[in-house]
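Worksheet: the structure to be examined is printed underneath.
Just so you know, all these numbers are worked out from the coordinates, no wet-lab data involved. Please read all numbers here as calculations on a predicted model, not as lab measurements. With ideal geometry, Cβ positions are generated from the backbone for all residues, glycine too; neighbour counts draw on all protein chains shown.
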């Protein structure tokens, strides 16, 4: 580990940043410039932006490892170097007003997840990430570097619902596109098999690859809520988080102490949670829609309580095309009452097939009205 970090250090310039040599960058990201002269397999995120975030991560891992091994001086040394790197990174890649020089989905995700930006800029960058995803019809353009942290970053920063919508997309690029195309493993490319069933002829195309399979981490730690608190799961947390579209989930993990299990269900006005805690371990359980954290010893536990939450997906959402909304009589009535000029805008013809998320990426002023319209449409269809 030290040899690797010291090698990177030898490649850094006077400004303390790693900005030399070949980099794979955000490999197979989908936001590469069309017809560019560079490698089409690389996403649009600046190569050295990505490299320096990864360098900061390596320094943190090394400092933490040195601390565990009680190498106090090494721990201080690598912690100080990370602090210096972050300061240099901010000077190079973050503007005084909090914009990123390379403001792609991957860049925004990495900056937020690895704490590469000052705290006061985080809300702006999180909003920028949400708008970017919305502008691309609630799909990721991330490659090997950005994808593993995409849903984690959203869930850890108050956008868990958006992370869930990304998981459940069914068209390319998405995880469920692969499932619908018959995949039994995770592919190297989002579209290793094309919609017509043919094999993507692009160079490098494995049908069994980890990078996009990293969504499993989010499924375990966020959807089912299992997070390690002490080595070997001697102590762990169970904090399941619901998403629309999944009404039940179950996780089993064979730890060195035995089986850890959690299963939750939210259906019919009732939440049920079952948990299994192995011998000689402790779990901190936070039940969905509850604020109290329960400390549990070994054993099996079951909780049932009432809820008004429904996890069924509404027929109409911000991902519904504008055309569908404009044709609904309930929507027409609301628009005539609150925004009659909107119905007369001739430019709507050019965006009628776009989802509302894509339109809101260019301005949020209409969001409250669209949300009111969608609520009314869903209520009308349930009558």
Quick note, region 123-240: a/c under 1.5 would make it rounded; otherwise a/b > b/c is prolate and the rest oblate (a ≥ b ≥ c, C-alpha gyration tensor); here it is oblate
Once the Cβ-Cβ distance between residue 300 and residue 217 is put in as r, and R0 is 30 Å, what FRET efficiency do you end up with, to the nearest 0.05?
0.70
With n ≥ 4 as the cut-off for DSSP H runs, can you work out [θ] at 222 nm for the chain, using -39500 (n - 2.57) per run divided by the number of residues, rounded to the nearest 500?
-11000 deg cm²/dmol
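Among 1, 347, 366, what is the fewest-to-most ranking by other Cβ atoms within 10 Å? Spell out each step's value before the answer.
Working: 1 11, 347 7, 366 14.
Taking fewest neighbouring Cβ atoms as first place, the list is 347, 1, 366.
Going by how many other Cβ atoms sit within 10 Å of their own, how do 47, 64 line up, fewest first?
Values: 47 20, 64 13.
The order, fewest Cβ neighbours first, is 64, 47.
Exposure proxy check: 130, 304 ranked by fewest other beta carbons within 10 Å? Could you put the intermediate results ahead of the total?
Values: 130 19, 304 10.
Ascending number of Cβ neighbours within 10 Å: 304, 130.
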Between residue 74 and residue 371, what is 0.36 nm times their sequence separation minus the Cα-Cα distance? Round to one decimal in nm.
101.6 nm
Report which label in (i) 1.11; (ii) 1.24; (iii) 0.97 holds the value of Cα Rg over 2.2 N^0.38 Å derived from the coordinates of this structure.
(i)
Report, in whole Å, the centroid distance computed from the Cα atoms of region 171-229 and region 267-342.
25 Å
